[in-house]
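J.: Let me begin by handing over the structure; questions about it come next.
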Amino acid sequence: MNKVVGNQTIKFERKPKIISSAAIVGPKEGEGPLGEYFDKALQDSYYQEQTWEKAERKMTQENIDLLLQKANLSPDKIDYLIGGDLLNQTVTSNFAARKFAVPYFGIYGACSTMVEGMILGAILIDGGYGYRTINFTSSHYQGAERQYRTPNEYGDKYPSYKQWTATGTGATLLAKDGQGPVVTEATVGKVIDLGVKDPKDMGSAMAPAAADTILQHLNDTGRTPQDYDLIVTGDLGEVGSKLLKELLAEKNINLQDCHDDCGKILYNSDQDVGAGGSGCACAAVVTAAYLLPYLNNGEFKRIFVVATGALLSPLTSLQGESIPSIAHGIVIENESPNNAIGNFSYEE
Amino acid sequence: MPQINKTPNEYQKMVKNAHPSDSKVKNFISAYVIGGLICVVGEIITNILTAQGLALNEAGPLMSVSMIFIGGLLTGIGVYDEIAQYAGAGTIVPITGFANAIVSPAMEYKQDGYILGLGAKMYSVAGPVLTYGMLSAFIVGIIKLIFI
């Protein structure tokens, strides 16, 4: 069977199962509308560590432990770890992975890392190169701010279109066998750059990439947006979501009723986060703690998660370059809903 | 083949329209009011000092030092950047803003060590002000030397 559909979409013959997912978030995310769905919300962003980077690493390791515990598996049952994050040289993921004696792929897709990892895990399983993969990612508000922008306590005014880097970590466990929602298709994104230069305006930079991946996916599969219960973008925020809808409307695709954005649903409107959430954790924690359980209990039958990443660095911004962006899409379906509401069953 | 075939110029127009419209008038007013309030505090300190019998040219520098202390303190307890979200230029321009620009990186980079962290990066925000301040002073000095 040919596993390629159209130009950019792949179909998974063995339909890897997502048998477990876990998410830990920061204090602000814990107070948001999805607060109760997360496995844990930190009380403070240092998490009893000396630095924010160490806090991010500690939270990531703990989340992988939690994921394994929920699936009732030990690390030696895992064939691959696939991880990435925002810090230079993806140190959070690399350092977190040293705790586990599991073969490891370090990846970087900025805020699209969660879905990039899930696609790679699904390919490995579908290709028969492993039985179980864990993919994980994380971001930390203070850690990201000081790397990409200015010191946290520096008093510059944030424009209202700027997004808030989410603190948190999300992980999913994909397996050849088991119970849970299944990964059926994926559309791997192209790097797209329409000349947005403002590093505070990630939503605008990433919207064309999301539009491109969604259009390509619909073309490849011959579906319409209405064939999905939800098309959910990673972190376009208010501005990027608006632009995405406009870009698609020009191509006669109407997203109005079936689109949402992880960056918009992670926070309340009174939490002062500008145009919404962003960061690797944004798509990761919403997918792991909110979307997957709802797929599992049958609320959703088929969703298309499109995680978006702005592939800039502080250096390229200083040198006046525009922001290349990417969006990876993955289709997750529920084939046999188990109706335990809000309770994710991970029995093998 | 890309699905989105727009030129950067066409897209820039869309982006401009999609941005929320921040009221410039509101920004001006809040910067004026909060920046003005900071100056009022400075005036009060100067008045208290002169009332204590200090000459105006002695009270001035003492007032500046006090304002730098207040700016540093408010940065340290994590309040200054919150006020700045309303004040904008109103908190950046006064001397308290300069204190914030020095204290905030000092706090931030302490976790990278006292020498190459705090010591080296303390001026990462205020550095340009110092560099070009000194350069301007040099140029003005030369002009004075030649023409006056």
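The values are calculated or read from the model by the stated rules, or taken from the named source; none is laboratory data. As the structure is a prediction and not an experimental result, all values here were calculated from the model. All Cβ positions, glycine included, derive from the backbone under ideal geometry; neighbour counts span all protein chains shown. Quick note on the areas: whole protein, heavy atoms, side chains included, nothing else; ligands and nucleic acids left out. Shrake-Rupley method; radii C 1.70, N 1.55, O 1.52, S 1.80 Å.
J.: What are the pairs with Cβ atoms under 9 angstrom where one residue, in the stretch B:9-27, is within 9 Å of chain A (Cβ to nearest Cβ) and the other, located anywhere, is at pLDDT below 90 and open to solvent by 100 Å² or more (accessible area, probe 1.4 Å)? Sequence gap at least six, or different chains.
T.: The qualifying pairs do not exist here.
J.: What residue, among those in the stretch B:121-148 that are assigned to a loop (DSSP other than H, G, I, E, B) and free of Cβ contacts under 8 Å to residues at least 24 places away in the same chain, is farthest from the chain's Cα centre (by Cα)? Can you show your working first?
T.: Going through the stretch B:121-148, the residues assigned to a loop (DSSP other than H, G, I, E, B) turn out to be B:122-126, B:148.
When the remaining residues are screened for being free of Cβ contacts under 8 Å to residues at least 24 places away in the same chain, the result is B:122-124, B:148.
Values: B:Met122: 14, B:Tyr123: 13, B:Ser124: 13, B:Ile148: 33 Å.
That would be B:Ile148.
J.: Can you tell me which residue in the stretch A:304-343 is least open to solvent (accessible area, probe 1.4 Å), limited to those that are modelled with pLDDT of 95 or more and more than 30 Å from A:Gly195 (Cα to Cα)?
T.: Result: A:Ile332.
J.: Now for a different question. Applying the selection to the stretch A:149-186, what residues are in contact with a strand residue (DSSP E or B) (Cβ under 6 Å, 6 or more places away or on another chain), closer than 21 Å to A:Trp52 by Cα and not aliphatic (A, V, I, L, M)?
T.: Correct list: A:Gln163, A:Trp164, A:Thr165, A:Gly168, A:Thr169, A:Gly170.
J.: Shifting gears a bit: Give the stretch B:40-83 a look and list any residue that's within 25 Å of A:Pro159 (Cα to Cα) and either exposed (fewer than 14 other Cβ atoms within 10 Å of the Cβ) or not hydrophobic (A, V, I, L, M, F, W, C) (or both), or say none. First the steps, then the outcome.
T.: Quick first cut of the stretch B:40-83, residues within 25 Å of A:Pro159 (Cα to Cα) only: B:71-72, B:74-83.
Of everything in the stretch B:40-83, those that are within 25 Å of A:Pro159 (Cα to Cα) and either exposed (fewer than 14 other Cβ atoms within 10 Å of the Cβ) or not hydrophobic (A, V, I, L, M, F, W, C) (or both) turn out to be B:Gly71, B:Gly72, B:Thr75, B:Gly76, B:Ile77, B:Gly78, B:Val79, B:Tyr80, B:Asp81, B:Glu82.
J.: Related question: I'd like to know if the stretch B:84-96 contains one or more residues that are within 22 Å of A:Gln50 (Cα to Cα) and open to solvent by 70 Å² or more (accessible area, probe 1.4 Å). Lay out the reasoning, then the answer.
T.: Step one: list which residues in the stretch B:84-96 are within 22 Å of A:Gln50 (Cα to Cα), which gives none.
No, that holds for no residue.
J.: What's the number of the only condition in (1) in contact (Cβ under 8 Å) with a residue 40 or more places away in the chain; (2) open to solvent by less than 30 Å² (accessible area, probe 1.4 Å) that A:Tyr129 fails to meet?
T.: (2)
J.: Another question about this same structure. Considering each of B:Ser21, B:Ser30 in turn, give the residue that is among the polar types (S, T, N, Q) and in a loop (DSSP other than H, G, I, E, B).
T.: Details: B:Ser30 fails: in a loop (DSSP other than H, G, I, E, B).
Going through B:Ser21, B:Ser30 in turn, the sole match is B:Ser21.
J.: So, one more: Are there any pairs with C-beta distances below 7 angstrom linking a residue in the stretch A:143-158 that is in contact (Cβ under 8 Å) with a residue 12 or more places away in the chain to a residue that is open to solvent by less than 40 Å² (accessible area, probe 1.4 Å) and part of a loop (DSSP other than H, G, I, E, B), with the two at least 6 apart or on different chains, and if so which?
T.: A:Gly143/A:Leu87; A:Ala144/A:Leu86; A:Ala144/A:Gly279; A:Glu145/A:Asn152; A:Arg146/A:Asn152; A:Gln147/A:Leu87
J.: Let me ask something additional. When the stretch B:107-118 is examined, which residues are found to be open to solvent by 20 Å² or more (accessible area, probe 1.4 Å) and either touching a Gly at 6+ places or on another chain (Cβ under 9 Å) or within 7 Å of chain A (Cβ to nearest Cβ) (or both)? I'd like the intermediate steps shown before the answer.
T.: The initial filter retains those residues of the stretch B:107-118 that are open to solvent by 20 Å² or more (accessible area, probe 1.4 Å), namely B:107, B:109-116, B:118.
Once the filter is applied, which keeps residues that are open to solvent by 20 Å² or more (accessible area, probe 1.4 Å) and either touching a Gly at 6+ places or on another chain (Cβ under 9 Å) or within 7 Å of chain A (Cβ to nearest Cβ) (or both), the stretch B:107-118 yields B:Met107, B:Tyr109, B:Lys110, B:Gln111, B:Gly113.
J.: Restricting to the stretch B:65-79, give me the number of residues that are over 14 Å from the mean Cα position of the chain (by Cα), of a type in the set (Gly, Ala, Ser) and within 13 Å of chain A (Cβ to nearest Cβ).
T.: Qualifying residue count, the stretch B:65-79: 2.
J.: Next question, about the same structure. Any residue at all in the stretch A:229-238 that's touching a residue at least 12 places away in the same chain (Cβ under 8 Å), over 18 Å from the mean Cα position of the chain (by Cα) and over 15 Å from A:Ile332 (Cα atoms)?
T.: No, that holds for no residue.
J.: Hey, among A:Asp272, A:Asp235, which residue is more than 19 Å from A:Ala110 (Cα to Cα), charged (D, E, K, R) and in contact with a helix residue (DSSP H, G or I) (Cβ under 9 Å, 6 or more places away or on another chain)?
T.: Values: A:Asp235 fails: more than 19 Å from A:Ala110 (Cα to Cα).
Every option except A:Asp272 fails the conditions.
So that you can scan it fast, the table gives a plain yes or no per residue for (1) over 30 Å from B:Ser23 (Cβ atoms); (2) out of contact with any Asp or Glu (no Cβ under 9 Å at 6 or more places or on another chain); (3) within 14 Å of chain B (Cβ to nearest Cβ):
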| position | (1), (2), (3) |
| --- | --- |
| A:Ser74 | yes, yes, no |
| A:Ser93 | yes, no, no |
| A:Ala97 | yes, yes, no |
| A:Met118 | yes, yes, no |
| A:Leu124 | yes, no, no |
| A:Gly127 | yes, yes, no |
| A:Gly143 | yes, no, yes |
| A:Tyr154 | no, no, yes |
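J.: Look at A:Lys17 and say whether it is under 20 Å from the mean Cα position of the chain (by Cα), among the charged types (D, E, K, R), under 19 Å from A:Val183 (Cβ atoms) and more than 14 Å from chain B (Cβ to nearest Cβ). Don't jump to the end; show me each part of the working.
T.: Details: under 20 Å from the mean Cα position of the chain (by Cα): yes; among the charged types (D, E, K, R): yes; under 19 Å from A:Val183 (Cβ atoms): yes; more than 14 Å from chain B (Cβ to nearest Cβ): yes.
Answer is yes for this residue.
J.: In addition: Of everything in the stretch A:96-115, what is in contact (Cβ under 8 Å) with a residue 60 or more places away in the chain, assigned to a helix (DSSP H, G or I) and not β-branched (Val, Ile, Thr)? Give them in sequence order. Before you say what the answer is, go through the steps one by one.
T.: Going through the stretch A:96-115, the residues in contact (Cβ under 8 Å) with a residue 60 or more places away in the chain turn out to be A:109-115.
Within this subset, residues satisfying the condition of being assigned to a helix (DSSP H, G or I) are A:110-115.
The answer is A:Ala110, A:Cys111, A:Ser112, A:Met114.
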